[in-house]
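A short write-up of the structure that comes next.
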Amino acid sequence: MTEGNLVDIVADGFDFGVRSQPLVPSDMIAIPLGPARRYAVVATPTYFESREPPKVPSDLMAHACIRTRLPNGALFRWHFEAEGQPVHVDVEGPITLDEASLARIAVLDGLGIGYFMESDVREDIETGRLVRVLDAWTPPLAPLCLYYPSRRNPPAAFKVFVDLARELARSSRPR
């Protein structure tokens with residue numbers, strides 16, 4: 001089950017949950033599921049042929065930004081940071097989509113600038129289909145964690161799953 005709100009996994013009868021590390025309750029056991037994550041601000045090289053790439057987040061106001069709507073109906077806000085302080089810019093653009101994958105297609109089609117999890121556009125950046133901008137303004141985010149309450153006698157399947165998560169977390173760490 002996915003839920004846009006924070007859920008009390010114990011009260012709601014779940015064995016475990018997945019959250020960003022800072023949001024894991026302190027009384028839970030947490031296993032990082034991978035390295036820190038980052039956002040990437042990207043557009044096609046063609047998009048920037050006739051426009052100056054943004055140097056600071058406020059420059060985005062002069063650009064067509066592809067927005068994404070969250071399941072709860074709210075617009076996803078683009079978050080930036082300078083010297084540890086949040087920088088808020090409410091970008092605007094010609095199109096708002098309800099799926100990040102559709103927003104990526106719109107950006108690849110040259111309709112504007114997008115804001116994505118780096119992992120979702122890494123290959124596009126590496127192959128030159130997309131150009132990254134504002135890199136210094138998108139610092140690392142805490143990793144996602146599998147979390148669960150401590151149990152004296154967990155079921156065997158639960159223990160196998162947790163052990164697998166630990167092994168995958170170890171193998172995903174940079175060497």
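Considering all projection directions equally, how large on average is the shadow of the alpha-carbon convex hull of the chain, in square nanometres? Each step should come with its number before you reach the end.
On the way: hull surface 48.9 nm².
Mean projected area of the Cα convex hull: 12.2 nm².
How large is the Kirkwood hydrodynamic radius of the range 102-152, counting all unique pairs of alpha carbons, in Å?
Computed over the range 102-152, the radius equals 13.4 Å.
Please tell me the relative contact order of the range 39-137 in percent, rounded to the nearest whole number, where contacts are Cα pairs under 8 Å and at least six residues apart.
Result for the range 39-137 is 46 percent.
Using alpha-carbon pairs under 8 Å, 6+ residues apart, how would you state the relative contact order of the chain in percent?
On the way: 277 pairs, mean separation 71.1, N = 175.
Relative contact order comes out at 41 percent.
How much length would be gained if the chain were fully extended between S150 and N5, taking 0.36 nm per residue of separation minus their Cα-Cα distance, in nm to one decimal? Present the calculation step by step, with values, prior to reporting the outcome.
Details: separation 145, 0.36 × 145 = 52.20 nm, distance 2.27 nm.
Between S150 and N5, full extension yields an extra 49.9 nm.
Rounded to the nearest 500, what is the 222 nm mean residue ellipticity of the chain from helices alone, with -39500 (n - 2.57) per DSSP H run of 4+ residues and division by all residues? The partial results should precede the final answer.
Details: 4 runs with 40 residues, N = 175.
Estimated from H runs of four or more residues: -6500 deg cm²/dmol.
Using only C-alpha positions, report the orientation-averaged shadow area of the convex hull of the range 39-137, nm², one decimal. List each step's numbers first, then the result.
Details: hull surface 24.2 nm².
Averaged projected hull area, Cα only: 6.1 nm².
Compute the length gained on full extension between A36 and L75: take 0.36 nm times their separation in residues and subtract their Cα-Cα distance, giving the result in nm to one decimal. Before the final figure, lay out the partial values.
Values: separation 39, 0.36 × 39 = 14.04 nm, distance 2.39 nm.
The A36-L75 span can extend by a further 11.6 nm.
What's the local net charge at T127, with K and R +1, D and E -1, over the other residues with C-beta under 15 Å away? Could the numbers behind the result be given before it?
On the way: positive: R104, R122, R129, R132; negative: E118, D120, E123, D124, E126.
Net charge in that neighbourhood comes out at -1.
Under a GNM of the chain (C-alpha, springs under 10 Å), which listed residue has the highest mean-square fluctuation: L130, L60, L164?
Greatest mean-square fluctuation among the candidates belongs to L164.
For R170, R69, what ranking results if the residue with the fewest other Cβ atoms within 10 Å of its Cβ goes first? Don't skip to the end; give the middle numbers.
Values: R170 10, R69 14.
The fewest-first ordering by Cβ neighbours comes to R170, R69.
FRET efficiency for R122 and I95, Cβ-Cβ distance as r, R0 = 35 Å, nearest 0.05? Working shown, then result.
Numbers: r = 23 Å, r/R0 = 0.66.
It comes to 0.90.
Just to confirm the filter: which GluC sites (Glu not before Pro) across the range 1-109 are DSSP coil and have at most 10 other Cβ within 10 angstrom of their Cβ?
Qualifying residues, ordered by number: E3, E83, E99.
If the only charges are +1 at each Lys and Arg Cβ and -1 at each Asp and Glu Cβ, what is the size of the charge dipole of the range 39-137 around the Cα centre, to the nearest 20 debye?
Values: 9 positive and 16 negative charges, 31 e Å.
That gives the range 39-137 a dipole magnitude of about 140 debye.
What is the magnitude of the charge dipole of the chain about its Cα centre, with +1 placed on the Cβ of each Lys and Arg, -1 on the Cβ of each Asp and Glu, and no other charges, expressed in debye to the nearest 20?
Working: 19 positive and 23 negative charges, 125 e Å.
Dipole about the Cα centre, nearest 20: 600 debye.
Scan the chain and note any complete DSSP helix (H) whose C-alpha atoms cover at least 15 Å along its axis and whose Kyte-Doolittle average is -1.0 or more. Don't skip to the end; give the middle numbers.
Working: long enough: 156-172 (24 Å, 0.43).
Helices meeting the span and hydropathy rule in the chain are 156-172.
FYI, it's all coordinate maths here, none of it is from the lab. These numbers were taken from a predicted model, which means no experiment stands behind them. Cβ: placed from backbone, ideal geometry, glycine included. Neighbour counts: every protein chain shown.
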